[in-house]
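Student: Mind looking over this structure? Questions follow.
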């Protein structure tokens with residue numbers, strides 16, 4: 001059994017098939033549950049996939065090696081987000097003034113709240129550094145991490161927990177504050193929940209998706225430029 | 001085959017982004033630079049829009065699938081949080097709750113209600 005599994009894992013095919021199957025099964029499961037807004041479909045798929053890997057006792061590193069073939073497409077897919085951004089450009093330009101005022105504050109707060117809470121609870125500096133880029137999309141967060149330090153695995157975990165939490169909290173917050181505007185919801189999703197939030201925003205609609213792409217890319221760029229600088233100034 | 005031509009456009013912008021990032025040494029990802037280059041290109045020139053759309057739309061539709069392998073990783077690195085569990089989880093979840101609420105409230109205040117008259121739909 002293990003020999004067969006090892007053999008199947010020598011090519012990326014098994015890892016890719018498992019990923020596709022988890023995605024399909026997760027979508028089916030959520031549909032059966034009535035598509036609850038607080039649970040992004042990616043969370044259901046990830047739980048199923050993690051369970052399957054544990055059940056088959058496939059090492060995550062082995063799975064990841066095969067799935068890297070899928071993740072290679074993340075680069076062109078990120079570039080592809082430029083298309084909805086272009087298509088929604090008139091709506092974005094109509095809002096350039098509030099966006100310009102709001103984005104830097106929101107980006108700074110996204111990092112400051114988490115670092116502040118962890119610092120207050122007595123976390124050591126390297127953990128603070130790992131938490132700071134929590135709302136930044138993974139490839140940019142890795143670049144920031146290389147500059148300010150902190151354990152990479154913790155930083156990646158922080159990104160994922162943040163993304164899933166952001167999806168839940170945005171849908172909760174929008175309901176509490178009575179916000180139905182897709183532009184606002186999309187922006188909040190992309191700004192706080194990077195790629196996971198952006199995926200969720202495209203489920204809501206094309207306008208939300210475009211504003212999430214905008215929020216995600218601007219958060220990434222602003223953080224890449226100013227987070228390492230702020231870190232140095234704070235002397236952490 | 002518009003989708004393949006479009007995919008070549010995307011790869012072109014990605015490689016251009018990679019080149020810029022490597023030359024400038026900025027800690028920004030090639031994908032995000034490529035995204036901005038593509039947006040700028042479409043705005044200023046608009047060449048290849050149909051081809052790019054044929055490749056971009058299906059890719060965006062499977063974005064969730066593409067980030068899934070990374071998301072699963074979260075379940076396998078929980079040991080890495082050793083000892084700082086409460087501080088880390090409180091920071092991530094509490095911090096995200098606060099920043100989501102601030103973002104929503106701030107933007108609603110600044111952006112106001114959706115202007116039904118000014119539609120620039122694509």
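The values are calculated or read from the model by the stated rules, or taken from the named source; none is laboratory data. Owing to the predicted nature of the structure, the values given are computational and were not obtained by experimental measurement. No Cβ is skipped: glycine too gets one built from the backbone with ideal geometry, and neighbour counts run over all protein chains shown.
Student: Just one of (1) at pLDDT 85 or above; (2) facing chain A (nearest Cβ under 7 Å); (3) closer than 24 Å to residue A:41 by Cα trips up residue B:102, so point out which.
Tutor: Only one criterion in (1) at pLDDT 85 or above; (2) facing chain A (nearest Cβ under 7 Å); (3) closer than 24 Å to residue A:41 by Cα is unmet by residue B:102, namely (3).
Yes/no per residue for (1) under 16 Å from residue A:87 (Cβ atoms); (2) in a helix (DSSP H, G or I); (3) within 14 Å of the chain's Cα centre (by Cα):
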site: A:193; (1), (2), (3): no, yes, yes
site: A:203; (1), (2), (3): no, yes, no
site: A:210; (1), (2), (3): yes, yes, no
site: A:219; (1), (2), (3): no, yes, yes
site: A:223; (1), (2), (3): no, yes, no
site: A:230; (1), (2), (3): no, yes, no
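Student: Checking residue B:43 against (1) more than 7 Å from every other protein chain (Cβ to nearest Cβ); (2) touching a helix residue (DSSP H, G or I) at 6+ places or on another chain (Cβ under 7 Å); (3) farther than 23 Å from residue A:194 by Cα, which test does it fail?
Tutor: (1)
Student: Give me a count of the residues in segment A:19-44 that are modelled with pLDDT of 90 or more and not in a helix (DSSP H, G or I).
Tutor: 0
Student: So, one more: For segment B:2-23, indicate whether the set of residues that are within 30 Å of residue A:152 (Cβ to Cβ), touching a helix residue (DSSP H, G or I) at 6+ places or on another chain (Cβ under 6 Å) and in contact (Cβ under 8 Å) with a residue 40 or more places away in the chain is non-empty.
Tutor: Yes, segment B:2-23 contains a residue that is within 30 Å of residue A:152 (Cβ to Cβ), touching a helix residue (DSSP H, G or I) at 6+ places or on another chain (Cβ under 6 Å) and in contact (Cβ under 8 Å) with a residue 40 or more places away in the chain.
Student: Scanning segment B:56-80 for residues that are more than 7 Å from chain A (Cβ to nearest Cβ) and within 23 Å of residue A:199 (Cα to Cα), which turns out modelled with the lowest pLDDT? Working first, answer last.
Tutor: Filtering segment B:56-80 for residues more than 7 Å from chain A (Cβ to nearest Cβ) gives B:57-58, B:61-62, B:78-79.
Filter once more, so that each one left must be within 23 Å of residue A:199 (Cα to Cα): B:57-58, B:61-62.
On the way: B:57: 90, B:58: 92, B:61: 84, B:62: 87.
That would be B:61.
Student: While we're looking at this one, here's another question. Looking for something assigned to a loop (DSSP other than H, G, I, E, B) and in contact (Cβ under 8 Å) with a residue 60 or more places away in the chain - is there at least one such residue anywhere in segment A:111-134? Show your work before the answer.
Tutor: Initially, segment A:111-134 is screened for residues assigned to a loop (DSSP other than H, G, I, E, B), giving A:121-124, A:132-134.
In the following step, the residues that additionally are in contact (Cβ under 8 Å) with a residue 60 or more places away in the chain were identified as A:132-133.
Yes, the conditions are met somewhere in segment A:111-134.
Student: Same structure, new question: Report whether or not residue B:22 is more than 7 Å from chain A (Cβ to nearest Cβ) and modelled with pLDDT of 90 or more. Walk me through it before giving the result.
Tutor: Details: more than 7 Å from chain A (Cβ to nearest Cβ): yes; modelled with pLDDT of 90 or more: yes.
Spelling it out, residue B:22 is indeed more than 7 Å from chain A (Cβ to nearest Cβ) and modelled with pLDDT of 90 or more.
Student: Further question on the same structure: State the number of residues belonging to segment A:15-29 that are more than 20 Å from the chain's Cα centre (by Cα) and surrounded by 15 or more Cβ atoms within 10 Å (Cβ to Cβ).
Tutor: 5
One line per residue, one yes/no per condition, for (1) within 21 Å of the chain's Cα centre (by Cα); (2) more than 7 Å from chain B (Cβ to nearest Cβ); (3) in contact (Cβ under 8 Å) with a residue 40 or more places away in the chain:
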| site | (1), (2), (3) |
| --- | --- |
| A:69 | yes, yes, yes |
| A:79 | yes, no, no |
| A:83 | yes, no, no |
| A:93 | no, yes, no |
| A:96 | no, yes, no |
| A:101 | no, no, no |
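Student: Additional query: Report every pair of residues separated by at least 6 positions or lying on different chains whose Cβ atoms are under 8 Å apart, first residue within segment A:210-225 and outside the structural domain of residue A:191 (by TED's automatic domain parsing), second surrounded by fewer than 24 Cβ atoms within 10 Å (Cβ to Cβ) and at pLDDT below 85.
Tutor: Listed pairs, sorted by first residue: none to list.
Student: Among the listed residues B:83, B:112, B:120, which satisfies the condition of being at pLDDT below 90, surrounded by fewer than 22 Cβ atoms within 10 Å (Cβ to Cβ), over 27 Å from residue A:46 (Cα atoms) and more than 7 Å from chain A (Cβ to nearest Cβ)?
Tutor: Working: B:83 fails: over 27 Å from residue A:46 (Cα atoms); B:120 fails: more than 7 Å from chain A (Cβ to nearest Cβ).
Just one listed residue meets the conditions, B:112.
Student: Moving to a separate point now. From the list A:79, A:105, which residue is in a helix (DSSP H, G or I) and crowded, with 22+ Cβ neighbours inside 10 Å? Can you show your working first?
Tutor: Values: A:105 fails: crowded, with 22+ Cβ neighbours inside 10 Å.
From the options A:79, A:105, the qualifying one is A:79.
Student: Continuing with the same structure: Any residue at all in segment A:160-167 that is outside the structural domain of residue A:23 (by TED's automatic domain parsing) and within 18 Å of residue A:99 (Cα to Cα)? Show your work before the answer.
Tutor: So the first thing to find is which residues in segment A:160-167 are outside the structural domain of residue A:23 (by TED's automatic domain parsing), and the list is A:160-167.
With within 18 Å of residue A:99 (Cα to Cα) added as a condition, the list becomes none.
Checking segment A:160-167: not a single residue is outside the structural domain of residue A:23 (by TED's automatic domain parsing) and within 18 Å of residue A:99 (Cα to Cα).
Student: Quick one: in segment A:165-180, which of the residues that are at the interface with another protein chain (Cβ under 8 Å from one of its Cβ atoms) and at pLDDT below 90 is surrounded by the most Cβ atoms within 10 Å (Cβ to Cβ)?
Tutor: Across segment A:165-180, the extreme among qualifying residues is A:179.
Student: Quick one: residue A:144 ticks every box in (1) surrounded by fewer than 23 Cβ atoms within 10 Å (Cβ to Cβ); (2) in a helix (DSSP H, G or I) except a single one, so which number is it?
Tutor: With respect to (1) surrounded by fewer than 23 Cβ atoms within 10 Å (Cβ to Cβ); (2) in a helix (DSSP H, G or I), residue A:144 is out only on (1).
Student: Okay, next question. If I filter segment A:36-55 down to residues being surrounded by fewer than 15 Cβ atoms within 10 Å (Cβ to Cβ) and within 14 Å of another protein chain (Cβ to nearest Cβ), which single residue comes out as farthest from the chain's Cα centre (by Cα)? Talk me through it step by step, then tell me what you get.
Tutor: First, the residues of segment A:36-55 that are surrounded by fewer than 15 Cβ atoms within 10 Å (Cβ to Cβ): A:36, A:38, A:51, A:54-55.
The next check asks that each one be within 14 Å of another protein chain (Cβ to nearest Cβ); those that pass are A:38, A:51, A:54-55.
Working: A:38: 15, A:51: 21, A:54: 23, A:55: 26 Å.
Looking at the filtered set, the residue picked out is A:55.
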